[in-house]
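Beneath this line is the structure, given in structure tokens, with notes to follow.
The values are calculated or read from the model by the stated rules, or taken from the named source; none is laboratory data. Quick caveat: nothing in here was measured; it's all calculated off a predicted structure. Glycine gets a Cβ as well: all are built from the backbone with ideal geometry, and neighbour counts include every protein chain shown. We work out accessible area using only protein heavy atoms, side chains counted, and drop any ligands, DNA or RNA first. Shrake-Rupley method; radii C 1.70, N 1.55, O 1.52, S 1.80 Å.
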Amino acid sequence: MSNRILLLFAFCGLIASASAQSNFNRFSFTFGGGLGIGRDDVAKFVGNSFTGVVGGGMNFSRRFGVDAEYMYYDLGLRHSVSQSQGLPNASGQMQSVSLDGIVNAPIHVGKWGAYGIFGVGFYQRSVSARSQTLEPGTICQPAWIWWDPICTNGTIRTQQTLSSFSKVAGGFNYGGGVTHPLNHLHHAKLYIEGRYHRAYQSDVKTIVLPITVGLRW
């Protein structure tokens, strides 16, 4: 995953270099943050949390473009979950890199514009907890599934250590947003976006719905 993130930033750097040499608005840059709304297991274990994105891309025309994006999504467990399921001081996050297509709506309402976005990428879900030994016969807790323990009929089968664990999987996203041009910050556009992300980890899917507010050039 770290190599993919480095490739993403290298891609954004090349775009920035090319954009600096052209007055044509062929290239785009994005960063933002906001509220992450969990779905399925994320809703049960985490609830709502913080998310942030940064990306860069190329516009093929006024209507169509492509964007490479890095997303960070906080997966810190609810206090009640970490305390009741034997996971004190547990933390987690999901990081992703994706390649997305963007379709801008041809019609504006005043200065407001709209767009749709969809893409595919790689998602790394990582969790960490205070290291502890799980003895055979220990009852498996629901949130432990992110640590991938070996459970049989709801109990630990062999002695295991629960500490840190990561899984990388492919996934997809889709959504849309609205934009409004600003008269400063080098003619940036304010954007508000809702996106659905689904990652297909081999244990359970990770589904999140980030609502992001940010700037786009």
**Asked** Can you give the angle from 0 to 90° between the axis of helix 2-20 and the longest principal axis of the chain, with both taken from C-alpha atoms, to the nearest 10?
**Response** 10 degrees
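About its Cα centre, how strong a charge dipole does the chain have in debye, to the nearest 20, once Lys and Arg get +1 and Asp and Glu get -1 at the Cβ?
Working: 17 positive and 10 negative charges, 85 e Å.
Approximately 400 debye in magnitude.
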**Fill in**
For the chain the mean separation of alpha carbon contacts under 8 Å (6+ apart) over residue count, i.e. relative contact order in percent, is 20 percent
**Request:** Place a label point 7 angstrom from the Cα of residue 152 along the Cα-to-Cβ direction, then list the residues of the range 100-137 whose backbone nitrogen is under 17 Å away.
**Result:** 134-137
**Request:** Calculate the length of the line joining the C-alpha centroid of the range 176-217 to that of the range 88-132, in whole Å.
**Result:** 7 Å
**Request:** Would you indicate which of (i) 25, 21, 17; (ii) 39, 17, 14; (iii) 33, 20, 13 is the value of semi-axes √(5λ) of the Cα gyration tensor in Å derived from the coordinates of this structure?
**Result:** (ii)
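Give me the number: length gained by fully extending residue 66 to residue 161, i.e. 0.36 nm times residue separation minus the C-alpha to C-alpha distance, one decimal in nm.
Value of the extension gain: 29.9 nm.
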**Fill in**
Computed over the chain, protein heavy atoms only, probe 1.4 angstrom, the accessible area per residue in square angstrom equals 52 Å²
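Share of the chain's accessible area from carbon and sulfur, percent, 1.4 Å? Before the final figure, lay out each step's value.
Numbers: 6630 of 11220 Å².
Carbon and sulfur: 59 percent of the exposed surface of the chain.
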**Asked** Dipole of the chain (Lys/Arg Cβ +1, Asp/Glu Cβ -1, origin at the Cα centre): which of 149, 188, 75 lies farthest to the positive side?
**Response** 188
